[in-house]
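*Asks:* Questions regarding the structure given below will be posed in turn.
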């Protein structure tokens, strides 16, 4: 008995799953990256997978709150916000046909998935991991973009905690992974950094960071624990960060290229020409920075540099 022709394979689609703690700037990133990619000629769609999100400040192609909303779950099942969010993601996992049907019209789009901010979803619980795995089965080539607020760099203990969380997320989610230090334009508002910025982005020898912890009486008694945590991070040698300021096109371009390299999305000549035209047009814009300057010069120590220039002018 002859079988009919095999169904055509699903089209290859690229995108990002944007994850990270609450307040790290995921929604702002999705909005900024969507606008940036549209300027380069890509068709972009944003999918809101956060049931706790209320009043998303831009149009979403798909909104999970149409299927399940955190407020309804908390009221109906008398759950707290954490338990309610876990239930919502389990409910979405059980109803993936709903998501697949709404993603089908986006076959020719680059998709940004704005995900919830509960850390446990990416380090322990399996629903989100299973949803990402199913997206891969639907021929999505995704990169996990893990946003971390850059102000954690100003506190050695918090930075080590962020490194552990980032490493655990990378191992649990099982996707090509890019860690991003967000809100770089605000990095020094929370305190002066102990080292140059590349120490934090490249995650260099953490023993120097432990020396700063040893000077704090509170953390001194936990010094050996922190040493072991630092050893785990350095033994895997997986964690590094890309700095990001959403208002800086150079910064957005850097993140885009790292993400494209991670998921295999290669842009063509037309997009490259659009990049050059856009960067040329940015001259004189208030968010434009000198492309010859490094991240350290752009965001760290700007006040000292300004003082030196004023002294020279005198």
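The values are calculated or read from the model by the stated rules, or taken from the named source; none is laboratory data. Given the structure is predicted, the values throughout are model-derived calculations rather than measurements. With ideal geometry, Cβ positions are generated from the backbone for all residues, glycine too; neighbour counts draw on all protein chains shown.
*Asks:* Pairs, please: C-beta under 7 Å, at least 6 apart or cross-chain, first residue on the phi > 0 side of the Ramachandran plot and in contact (Cβ under 8 Å) with a residue 60 or more places away in the chain and in the stretch 162-183, second assigned to a loop (DSSP other than H, G, I, E, B) and surrounded by fewer than 23 Cβ atoms within 10 Å (Cβ to Cβ)?
*Replies:* Every condition considered, the pairs that remain are 183/25.
*Asks:* Ok, one more. Out of contact with any helix residue (DSSP H, G or I) (no Cβ under 9 Å at 6 or more places or on another chain), within 19 Å of residue 142 (Cβ to Cβ), modelled with pLDDT under 95 and in a helix (DSSP H, G or I) - does that describe any residue in the stretch 9-19?
*Replies:* no
*Asks:* Shifting gears a bit: Is it the case, given these coordinates, that residue 157 is surrounded by fewer than 21 Cβ atoms within 10 Å (Cβ to Cβ) and either farther than 23 Å from residue 261 by Cβ or touching a strand residue (DSSP E or B) at 6+ places or on another chain (Cβ under 9 Å) (or both)? Walk me through it before giving the result.
*Replies:* Values: surrounded by fewer than 21 Cβ atoms within 10 Å (Cβ to Cβ): yes; either farther than 23 Å from residue 261 by Cβ or touching a strand residue (DSSP E or B) at 6+ places or on another chain (Cβ under 9 Å) (or both): yes.
Yes, satisfied.
*Asks:* Here is a follow-up. Can you say whether residue 92 is farther than 28 Å from residue 252 by Cβ and at pLDDT below 95, as far as the supplied structure shows? Full working, then the answer.
*Replies:* Values: farther than 28 Å from residue 252 by Cβ: yes; at pLDDT below 95: no.
Criteria not met by residue 92.
*Asks:* Which residue, of 147, 142, is outside any helix (DSSP H, G or I) and under 18 Å from residue 239 (Cβ atoms)? Before you say what the answer is, go through the steps one by one.
*Replies:* Working: 142 fails: under 18 Å from residue 239 (Cβ atoms).
None of the other options fit; the residue is 147.
*Asks:* Out of (1) modelled with pLDDT of 85 or more; (2) within 27 Å of residue 19 (Cα to Cα), the odd one out for residue 207 is which?
*Replies:* Every condition holds for residue 207 apart from (2).
*Asks:* Something else: Within the stretch 221-256, how many residues are on the phi < 0 side of the Ramachandran plot and not in a helix (DSSP H, G or I)? Let's see the steps before the verdict.
*Replies:* Narrowing the stretch 221-256 to residues on the phi < 0 side of the Ramachandran plot: 221-236, 238-256.
Applying the additional criterion that residues be not in a helix (DSSP H, G or I) yields 221-222, 238-248.
Number of matching residues: 13.
*Asks:* Next up: Residue check: is residue 36 farther than 19 Å from residue 132 by Cβ and either in contact (Cβ under 8 Å) with a residue 24 or more places away in the chain or in contact with a helix residue (DSSP H, G or I) (Cβ under 8 Å, 6 or more places away or on another chain) (or both)?
*Replies:* For residue 36, the condition - farther than 19 Å from residue 132 by Cβ and either in contact (Cβ under 8 Å) with a residue 24 or more places away in the chain or in contact with a helix residue (DSSP H, G or I) (Cβ under 8 Å, 6 or more places away or on another chain) (or both) - is met.
Conditions (1) over 16 Å from the mean Cα position of the chain (by Cα); (2) surrounded by fewer than 19 Cβ atoms within 10 Å (Cβ to Cβ); (3) within 21 Å of residue 176 (Cα to Cα), marked per residue:
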position: 16; (1), (2), (3): no, no, yes
position: 19; (1), (2), (3): no, no, yes
position: 33; (1), (2), (3): no, no, yes
position: 47; (1), (2), (3): no, no, yes
position: 64; (1), (2), (3): yes, no, no
position: 67; (1), (2), (3): yes, yes, no
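*Asks:* Another one. When the residues of the stretch 100-120 are narrowed to those that are touching a helix residue (DSSP H, G or I) at 6+ places or on another chain (Cβ under 7 Å) and not in a loop (DSSP other than H, G, I, E, B), which ends up surrounded by the fewest Cβ atoms within 10 Å (Cβ to Cβ)?
*Replies:* Here the residue is 110.
*Asks:* So, of the residues in the stretch 58-79 that are in contact with a helix residue (DSSP H, G or I) (Cβ under 7 Å, 6 or more places away or on another chain) and part of a loop (DSSP other than H, G, I, E, B), which turns out to be farthest from residue 113 (Cα to Cα)?
*Replies:* Residue satisfying both the conditions and the ranking: 79.
*Asks:* What do you reckon, is residue 226 touching a helix residue (DSSP H, G or I) at 6+ places or on another chain (Cβ under 7 Å), at pLDDT 90 or above and crowded, with 17+ Cβ neighbours inside 10 Å?
*Replies:* Working: touching a helix residue (DSSP H, G or I) at 6+ places or on another chain (Cβ under 7 Å): yes; at pLDDT 90 or above: no; crowded, with 17+ Cβ neighbours inside 10 Å: yes.
No; evaluated as a whole, the condition is false for this residue.
*Asks:* Just checking, which of 123, 143 is in contact with a helix residue (DSSP H, G or I) (Cβ under 6 Å, 6 or more places away or on another chain), buried (at least 19 other Cβ atoms within 10 Å of the Cβ) and closer than 18 Å to residue 18 by Cα? Quick ask: steps written out before the conclusion?
*Replies:* Details: 123 fails: buried (at least 19 other Cβ atoms within 10 Å of the Cβ).
None of the other options fit; the residue is 143.
*Asks:* Yes or no: residue 132 under 15 Å from residue 16 (Cβ atoms) and not in a strand (DSSP E or B)? Write out each step before concluding.
*Replies:* Values: under 15 Å from residue 16 (Cβ atoms): yes; not in a strand (DSSP E or B): yes.
In short, yes.
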